[in-house]
Amino acid sequence: MPRELVPPGGALAPYLAGIGWWATDLPAGRERRLPTGGMQLVVNLAADEVRWYDADGREHRRGGTVVCAATPGPVTVDTADQRTVICVPFRPGGAHPVLGVPATALDDPVVELAALWGRAAVTLRARLLAAGGPRAALWELRRTLARRLDRGPGNDPAVPAAAAALDRGMAVADVADRLGLTPAGLRRRFAVGTGLTPKDYSARTYLVRDPGGNSWCFWQPLDRPVRLRDGWREMRPEPVTARRGER
C-alpha cells in the first residue's frame, strides 16, 4: 500500500500524531470502524466527497475535506473514500488549538471543514491536489495547520495530561484530583478538548497504530490487525460489504 508520512514538527508536534497520505485499491463498500478515541482531519483526494453511515444504515454525504469527531461507538465508512486519502490524527486535546473550535462544536461523527473554517477551507483540497505529489501535499497541509495554530485559542494542558493518565488506567476521580479539578470540571474541559467524556475516552475499544506507535485515524486503510480490549468483542470491525452494483 503506497504511503507517505511527514512528522508534524515544530509548534505542531504537541498537537498532531502525524500527517499521512495513503493510496489503496480497496473495493467500494461499507466497513465499520471502531473508535480510536481521537479526532482526525481527512482529505479525500480521489473525489470531493466523504460518506458515512449511521446506526440505521442511512447514508450521509459530506465534501471531500472533513473533520472526524471522536466517537464512543463505531462508525461505518465507505471504502471508496479511502483510495487516495490524507489523514491527520490529532493528539488528545490537539484539535481545539489547531482547528480553532471546541470539539463539542462537532455535532456529527463527520463534519465538513468548511462548516468550521468557512471560506478558508474551500480551497484547501484544490491546493493539496495542485501541490505536485503526495509529499508536497503533506508539507502544504502542514504549513496550513501551522498558520491556523498561530491564530488558535491555545492549549489546555489539563486535557493531554488527563488523557495520558487515563491511558495508564487511572480512575477518572483520581485524574481529576491529581490535576486539582472537580470531576465535573474535568468532564467539561476534557469534552471541549476531545469531544468525549473522560469515561468514554478511557473505554475506547482499539488503537490502530503505525510502526512508530502513533494512533492513526479510522479512515486509514487497514493493513494490519487491530487490537481489541476484553469485553468489546461485539464491536469488532466488520468485513467490507460491497455496495449494490459494485461487486
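The values are calculated or read from the model by the stated rules, or taken from the named source; none is laboratory data. Quantities reported herein were computed from a predicted structural model and do not represent experimental measurements. Positions of Cβ are generated from backbone atoms using ideal geometry, with glycine treated the same way; all protein chains shown enter the neighbour counts.
Some points to look at:
- Number of the exception - residue 151 against (1) modelled with pLDDT of 95 or more; (2) under 20 Å from residue 104 (Cα atoms): (1)
- The test for being out of contact with any Pro (no Cβ under 7 Å at 6 or more places or on another chain), charged (D, E, K, R) and exposed (fewer than 14 other Cβ atoms within 10 Å of the Cβ) holds for residue 174.
- Residue 94 passes every criterion in (1) under 20 Å from residue 153 (Cα atoms); (2) surrounded by fewer than 22 Cβ atoms within 10 Å (Cβ to Cβ); (3) within 14 Å of the chain's Cα centre (by Cα) apart from (2).
- Scanning the stretch 59-81 for residues that are of a type in the set (Lys, Arg) and buried (at least 19 other Cβ atoms within 10 Å of the Cβ) yields one hit, 62.
- Which numbered condition residue 69 fails, given (1) over 15 Å from residue 15 (Cβ atoms); (2) out of contact with any Asp or Glu (no Cβ under 8 Å at 6 or more places or on another chain): (2)
- Test for residue 116: is it in contact (Cβ under 8 Å) with a residue 60 or more places away in the chain and in a helix (DSSP H, G or I): no
- Of the strands (runs of 3 or more DSSP E) lying entirely inside the stretch 1-100, the ones with 1 or more residues being of a type in the set (Asp, Glu) and at negative phi are found at 3-6, 29-33, 59-62, 75-78.
- Restricting attention to the stretch 129-153, the residues that are more than 15 Å from residue 90 (Cβ to Cβ) and either in contact with a strand residue (DSSP E or B) (Cβ under 8 Å, 6 or more places away or on another chain) or assigned to a loop (DSSP other than H, G, I, E, B) (or both) add up to 10.
- Selection of first residues in the stretch 40-51 that are surrounded by fewer than 19 Cβ atoms within 10 Å (Cβ to Cβ) and of second residues that are part of a loop (DSSP other than H, G, I, E, B) and at pLDDT 90 or above, restricted to Cβ pairs under 8 Å at least 6 apart or on distinct chains, gives the following pairs, ordered by first then second residue: 47/64; 48/63; 48/64; 49/63; 49/64.
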